[in-house]
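Contents: one structure, followed by commentary.
The values are calculated or read from the model by the stated rules, or taken from the named source; none is laboratory data. Keep in mind the model is a prediction, meaning the values are calculated, not measured. Cβ atoms come from the backbone with ideal geometry, glycine included; neighbour counts cover every protein chain shown.
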Ligand SMILES: [Zn+2]
């Protein structure tokens, strides 16, 4: 028993050390705001400390590749900064909206001892990755976005718009996370279908993100310039007025629901696979 406690403390120390390092580094590199770094730390402690490579690899792949993609296009995307609710530095809400479902599944698996939660964890991260890559590449591509479900063209940067480049990136992002967990997913089920199911769940999760963004997400109009935006404040401090959607359905709520839908799609896929 004493040995177990000592083991738990050394895992905790490892998590605090690695989590602290990544959080400070991300803040220094201007990838995360101070709040974003704190949320990152809270997610990283259990995953880095107790998860080993199995749980660390998919979230590290998501975070590193998405941050690189985001930095790559920072200057090119500066012109959309007045339309998107948030800039390129991720804040606490964004980190929790993208990683909170995965973090909760990891902690639940740790506490309950259910190893079968791992594919759902990967599906939640696959959704977050698919959506992030779709947004980054879709914005960079310069293609005119269209809003699902009717594919009506919308201005670049408008929430809920999709591009062909973005959809392909979403598929690539979902599959990349599935591949990063592949060794452990195979140990889980032995069936290669799980790889495709996780990747596809991520892709479908990103479609949920676009669909919610196009329908229920709150949109505001700037009284000064008339632009429709996700932002509460525009044109040097002018308060925008809501024009459509639900007030509580902001960008973070949409992301959270989309990352929750990924494990949901995976569950449906697994039922279908067995049936
Ligand atoms: Zn304005």
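Just one of the listed residues (221, 231) is modelled with pLDDT of 90 or more, within 16 Å of the ligand (Cβ to nearest atom) and touching a strand residue (DSSP E or B) at 6+ places or on another chain (Cβ under 9 Å), namely 221. Anything in the stretch 23-43 that is assigned to a helix (DSSP H, G or I) and surrounded by fewer than 20 Cβ atoms within 10 Å (Cβ to Cβ)? List them, or say none. Scanning the stretch 23-43 gives 24, 25, 27, 28, 34, 35, 38, 42.
Pick out the one residue from 137, 198, 154, 162 that is surrounded by 23 or more Cβ atoms within 10 Å (Cβ to Cβ) and over 14 Å from residue 125 (Cα atoms).
On the way: 137 fails: surrounded by 23 or more Cβ atoms within 10 Å (Cβ to Cβ); 198 fails: over 14 Å from residue 125 (Cα atoms); 154 fails: surrounded by 23 or more Cβ atoms within 10 Å (Cβ to Cβ).
It is 162.
Tell me the helices (runs of 4 or more DSSP H) entirely within the stretch 110-207 that contain at least 3 residues that are modelled with pLDDT of 95 or more.
Values: elements: 118-141, 164-180, 182-189.
Here the list reads 118-141, 164-180.
Taken over the stretch 234-245, residues that are within 9 Å of the ligand (Cβ to nearest atom) and either in contact with a strand residue (DSSP E or B) (Cβ under 8 Å, 6 or more places away or on another chain) or in a loop (DSSP other than H, G, I, E, B) (or both) amount to 4.
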